[in-house]
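Colleague: Just dropping this structure here.
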Amino acid sequence: MSNQNNKSALATLVTVFFFWGFIAASNGVFIPFCKTYFNIDQFQSQLVDFAFYGAYYIGALMLFIMSGTIKKDIMNNWGYKNGIIYGLLLSAIGAFVMYPSTSGAEQGQTNIFYLVLIAYFIVALGFSLQQTAANPFVIALGDPKTGSHRLNLAGGINSFGTTIGPIVVSLVIFGSATWSTDELANMIKNNEITLGTVQTLYLGVGVLFLLAAALFYFSKKLPSLKSDTIFEPANKARNLLIVLTLIILGCFGYIFSTYTGNTEASEAVENTRLILLFIALFAVIVSVFIANTSASKKPEGWGAMKYPQLVLGMLAIFMYVGGEVTIGSNLGELLKQPVADTNLNALGLPVLNDSQLGLYISLYWGGLMIGRWVGAITVFNPSTGLKKVLLIIVPYVAFAVILCVNWIAGNEFSTNEILFFAICIAVQVIGFFLAKDKPVKTLKIFSLLGVIGMLIGLFGSGNVALFAFLSGGLFCSIMWPCIFTLSIAGLGKYTSQGSAFLIMMILGGAIIPPVQGKLADVFSIQSSYWIAVACFAYLLFYAFRAKTVLDKQGVEY
């Protein structure tokens, strides 16, 4: 393909990245609505995230097992383009299923909530299929050395979706982008907000999925990128993943069963839940290292997992997604909970209500957009001098977009808060200058900054600690493309299979946040952020290890 055609194809391809961000970030709006409307507790409401991120794992696992059964890589056979189209159609089905699932439902009908989860699960299954195809597709549209920059561009579009998604969904469902818990409850009680608005929203989303599928189907600029390479079974990898799945389902299944009553759980039950969550977490970690060790001795039967950069990269994606989601998901609880009998929270800041929390949560997710916009600069091939200027200007332009979106929504930051975050952005800009567009170097620098930021948050107080935690979004922003590019480097015919394995590890978003939440229940919300430190620390280790492995293989990255 010519360079111009590549750019046209890339422009079409990034539309699906917007959808993922739009829907995923909207979970923050959908969860409190479900909690109030269906009269469920906090744990049950978090099943929205569990269904969403769990679907990524199940979808990619099913694709892998089915490929092994027919002895043909399904994604390679379909082609990346068709894989995205099928994923969009599946997501459209899930969006349309939302209507009959909730038809006639009234406030307090908890059983209807589980039908909503099924519809939501189907939407995310489609996303799993789309991501398995789209990420390697983006890298394939040009020089592999600049693949991470194209992923950054796509990630920037994804983050724009995460920035405006909650605002749009709030306006559609509630008629306002800000609300308090009591206001929401009263509006639902008075039938000012009904499931009809949700039904309309998802019918609209379903239509958009169909339009996107048509765009891809009729696009002549977008190649199919099929592969007819011989499929090699990976029975050992399949068996390991099946065992891992059974362990995770067993742990979470038992935890769910302990929430059948309305009475407060005893200390023993809470400790059991925490232990089971850690068993699920360590099962993932141990599985990765078993695969890495066994495949290095006897690679037959492991498929793509015989490449250590991929296996260790799977755990890196798990830690990255888990860390990114858990920092933001637990931020609200950190700022809401008073310490002892004071009116201050764990950071020594005034306790905030629900309507005030959205301001900081949007800033956290907006931080991911800032970094990805900066990371995408290289795609446009600016001159060296212009690039240096853009590295300084673009992040603050993105910050201005975040401020404008919040201003439209009725949210305003104080001058001190703007200054604090501007300083965090300056640290990120310095990191970009030091990284020099190198995936390994970028991952090393931003992982280290992530560790430092979380430690400052753990041991600090006031705005220093708050914005140290918020800076996690800035430092996470650039990691996905670096990890993905390094993980599939040199995989050849195993690229699509390796991509499926990486998408499975989005599972981190379903496991790590509950682990932190339970740590907060047993210990304290601020100390629970040690889990985020551990996530960044592993990513730092992976950056060093991936370089060693790829250099040994003679693979360019």
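The values are calculated or read from the model by the stated rules, or taken from the named source; none is laboratory data. All of these numbers come straight from a predicted model, not from anything done at the bench. For neighbour counting, all protein chains shown are included, and Cβ atoms are generated from backbone atoms with ideal geometry for every residue, glycine included. Side chains included, ligands, DNA and RNA excluded: accessible areas come from the protein's heavy atoms. Shrake-Rupley method; radii C 1.70, N 1.55, O 1.52, S 1.80 Å.
Colleague: Look through Tyr254, Tyr217 and report the one residue that is within 20 Å of Thr132 (Cα to Cα), modelled with pLDDT of 85 or more and more than 24 Å from the chain's Cα centre (by Cα).
Modeller: The unique qualifying residue is Tyr217.
Colleague: With Val389, Val374 as the choices, which residue is modelled with pLDDT of 80 or more and open to solvent by less than 30 Å² (accessible area, probe 1.4 Å)?
Modeller: Just one listed residue meets the conditions, Val374.
Colleague: While we're here: Residues being assigned to a helix (DSSP H, G or I) and either on the phi > 0 side of the Ramachandran plot or open to solvent by 60 Å² or more (accessible area, probe 1.4 Å) (or both): count how many of those fall in the range 394-417.
Modeller: 7
Colleague: Given Ser447, Ser461, Ser477, Ser471, which one is over 19 Å from Val374 (Cβ atoms) and among the hydroxyl-bearing types (Ser, Thr, Tyr)?
Modeller: Every option except Ser461 fails the conditions.
Colleague: Given the conditions (1) among the aliphatic types (A, V, I, L, M); (2) more than 19 Å from Ile370 (Cβ to Cβ); (3) over 22 Å from the mean Cα position of the chain (by Cα), which single one is not true for Val440?
Modeller: (3)
Colleague: Out of (1) at pLDDT 80 or above; (2) touching a Cys at 6+ places or on another chain (Cβ under 6 Å), the odd one out for Pro100 is which?
Modeller: Every listed condition holds for Pro100 apart from (2).
Colleague: I'd like the full set of residues that are open to solvent by 40 Å² or more (accessible area, probe 1.4 Å), part of a helix (DSSP H, G or I) and either at pLDDT 70 or above or touching a His at 6+ places or on another chain (Cβ under 7 Å) (or both), limited to the range 172-196.
Modeller: Val172, Asn186, Met187, Lys189
Colleague: Return the residues of the range 442-453 that are without any contact (Cβ under 8 Å) to a residue 60 or more places away in the chain and open to solvent by 40 Å² or more (accessible area, probe 1.4 Å); say none if nothing qualifies.
Modeller: Passing the criteria: only Ile452.
Colleague: Six or more apart or on different chains, Cβ atoms under 7 Å: show the pairs whose first residue is in the range 465-478 and on the phi > 0 side of the Ramachandran plot and whose second is surrounded by 24 or more Cβ atoms within 10 Å (Cβ to Cβ) and outside any helix (DSSP H, G or I).
Modeller: Within 7 Å, no pair qualifies.
Colleague: Now for a different question. Kindly evaluate Pro513 against the criterion of being open to solvent by 10 Å² or more (accessible area, probe 1.4 Å), under 19 Å from Trp20 (Cβ atoms) and assigned to a helix (DSSP H, G or I).
Modeller: So Pro513 fits the description; yes.
Residue-by-condition table, conditions (1) farther than 25 Å from Ala51 by Cβ; (2) open to solvent by less than 50 Å² (accessible area, probe 1.4 Å); (3) modelled with pLDDT of 85 or more; (4) touching a Phe, Trp or Tyr at 6+ places or on another chain (Cβ under 6 Å):
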residue: Ala105; (1), (2), (3), (4): no, yes, no, no
residue: Thr110; (1), (2), (3), (4): no, yes, no, yes
residue: Pro136; (1), (2), (3), (4): yes, yes, no, no
residue: Pro144; (1), (2), (3), (4): yes, no, no, no
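Colleague: The conditions are (1) within 22 Å of the chain's Cα centre (by Cα); (2) at pLDDT 90 or above; (3) hydrophobic (A, V, I, L, M, F, W, C), and Val405 fails exactly one of them. Which is it?
Modeller: Against the list (1) within 22 Å of the chain's Cα centre (by Cα); (2) at pLDDT 90 or above; (3) hydrophobic (A, V, I, L, M, F, W, C), Val405 comes up short only on (2).
Colleague: Which condition number does Ser477 fail, the rest of (1) surrounded by 22 or more Cβ atoms within 10 Å (Cβ to Cβ); (2) over 21 Å from Gly156 (Cα atoms) being met?
Modeller: Against the list (1) surrounded by 22 or more Cβ atoms within 10 Å (Cβ to Cβ); (2) over 21 Å from Gly156 (Cα atoms), Ser477 comes up short only on (2).
Colleague: So, Pro481, is that one at pLDDT below 85, assigned to a helix (DSSP H, G or I) and not charged (D, E, K, R) or not?
Modeller: no
Colleague: Could you list, in sequence order, all residues of the range 95-124 that are touching a residue at least 60 places away in the same chain (Cβ under 8 Å), touching a Leu at 6+ places or on another chain (Cβ under 7 Å) and not hydrophobic (A, V, I, L, M, F, W, C)?
Modeller: Selection gives Tyr99, Thr102.
Colleague: Among (1) loosely packed, with under 13 Cβ neighbours inside 10 Å; (2) closer than 12 Å to Phe501 by Cβ, where does Leu240 come up short?
Modeller: Exception for Leu240: condition (1).
Colleague: Collect the residues in the range 522-535 that are in contact with a Leu (Cβ under 8 Å, 6 or more places away or on another chain), assigned to a helix (DSSP H, G or I) and farther than 18 Å from Ile275 by Cα, keeping them in residue-number order.
Modeller: Val533
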